[in-house]
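Worksheet: one structure, shown below.
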Amino acid sequence: MSAQVIDGKALAEKIREELKGRVAKLQQEKGVTPGLAVIIVGENPASVVYVRNKEKGCQDVGFNSRVIRLPESTTQAELLEQIELLNNDKDMHGILVQLPLPAHMDDLAVIEAISPTKDVDGFSLLSTGSLMVGSEGFVPCTPKGCIALIESTGTSIQGKDAVVIGRSNIVGKPAAMLLLQKSATVTVTHSKTANLKEVCARADIIVAAIGKSEFVTADMVKPGAVVIDVGINRGDDGKIRGDVKYDEVAEVAGFITPVPGGVGPMTITMLLENTVEAAERYGC
Ligand code: GUN
C-alpha cells in the first residue's frame, strides 16, 4: 500500500479536545453550556445508531443533550410543535431532526421549521444559501468534515482539480461548494456523467459520496490523489464498505480515508462544533 491513511478518529479526537476548551470558556464567561436536541421519528435501525452516537458525542464534550424519540405514527403537525418548543428553549442551542423522516412527512417543511440560529445540520434554505454566497451560516457536517480531512494531510486545496462523486443536498452539493470556496476547480459527477472514469482520473482530490459500495476503483484514481470516502454501505455479509474499493485504491492514492474510521467520526464532531458555534453566537 502506498497511500497514507487519514485517521478520522484521531483528527476528531483532537478537535473534540479543542471543543472542550471552548465549552469551558462559554461556561466560565457566559454561564452557558451548549445544548443539542435530537429528534428521531420511528425506529430506522441506522438512524437509531446515529442518534445514539450523537448523544454519546455530546456527553463526551460536556454538552447538555436531549433526545426526543417519537413514534412512526407522529403527525407532521405534532413534530412541528416539538420543534417550536425547542426553538423557544434557551438551553438548546442546536436542533437536529434525524433523516430520513417517515414518508408521510415533508422533509423540507420540517427542516424549515427549525430556527435558523439553531440549524446545526446546515440543511435549511438559509444555511444552504449562506454557503452558496460564503456568508455566515451553518455548514453541513459531513462535507465540513471532508474538508478538514483533506486539509489535515497538508494538501492545499487552492488550484487543485477536485471531483465530487454524487450530488446529494446533504453531501455532494455542499462539498462542491466548500471546495469551490477554497479555490479548487470543481467537477460534480453523478450517475448520468459520461466518461466518469476519465473525469475522476484527472482529479487531485476525490470526494466519493455516491452511496454505491466500492464504486471507485484504482483505474479511476490519479497516482498521489487525496481520496475521501463518504460511503457507508452494509453488504449482504453484514460488513460495512465505503464507496471506494479501499485495498486497490490505496495502492495508487497519496492519501485515503478508511471506512469505518474516516469521515464517520468527523461528521459527529462537526455537529458538535456547529453546536458550540451556535452557543457562542446566539447563547445568552
Ligand atoms: N441522516 C443521515 N445523515 C444525517 C445527518 O447528517 N443529519 C440528519 N439530520 N439526518 C441524517
(request) Grab the other residues whose beta carbon is less than 15 angstrom from that of Pro116, score K and R as +1, D and E as -1, and report the net. (result) -4
(request) Tell me the trypsin sites (Lys or Arg not before Pro) within the range 227-276 that lie in a loop according to DSSP and have at most 12 other beta-carbon atoms within 10 Å. (result) Lys239
(request) Express the C-alpha Rg of the range 66-184 as a ratio against the empirical globular expectation 2.2 N^0.38 Å, rounded to two decimals. (result) 1.21
(request) Could you tell me which of Ile114, Phe138, Gln82 has its Cα farthest along the dipole of the range 67-156 towards the positive end, charges placed at Cβ (Lys, Arg +1; Asp, Glu -1), taken about the Cα centre? (result) Phe138
(message) Applying a 10 Å radius around every beta-carbon, put 174-180, 255-261, 2-8 in order of their mean neighbour count, most first.
(response) 174-180, 255-261, 2-8
(request) Quote the relative contact order of the chain in percent (integer), defining contacts as alpha-carbon pairs under 8 Å separated by 6+ residues. (result) 23 percent
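222 nm [θ] for the chain, helices only, -39500 (n - 2.57) per DSSP H run of 4+, per residue, to 500?
Calculated mean residue ellipticity at 222 nm is -13000 deg cm²/dmol.
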(request) Just tell me which aspartates and glutamates come within less than 20 Å, Cα to Cα, of Lys197; anything on the same chain fewer than 8 places away is out. (result) Asp161, Glu214, Asp219, Asp229, Asp243, Asp247, Glu248, Glu251
(message) Taking the Kirkwood radius as the inverse of the mean 1/r across Cα pairs, report the Rg/Rh of the range 120-217.
(response) 0.96
(request) Count the net charge of all other residues whose Cβ sits under 10 Å from the Cβ of Ile210, scoring Lys and Arg as +1 and Asp and Glu as -1. (result) +1
(request) Name the longest site-free stretch of the chain, where the excluded sites are GluC sites (Glu not before Pro) in a DSSP loop with no more than 15 other beta-carbon atoms within 10 Å. (result) 137-250
(message) What does the net charge come to around Ile268 if you take all other residues with beta carbon closer than 13 Å to its beta carbon, with K and R at +1 and D and E at -1?
(response) +1
(message) If I model the chain as equal point scatterers sitting on the Cα atoms and use the Debye formula, what is log10 I(q)/I(0) at q = 0.07 Å⁻¹?
(response) -0.26
(request) For the range 111-160, calculate the relative contact order in percent as a whole number, restricting contacts to Cα pairs under 8 Å that are 6 or more residues apart. (result) 25 percent
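None of the figures in this text is laboratory data; all of them are computed from the coordinates on show. Please read all numbers here as calculations on a predicted model, not as lab measurements. No Cβ is skipped: glycine too gets one built from the backbone with ideal geometry, and neighbour counts run over all protein chains shown.
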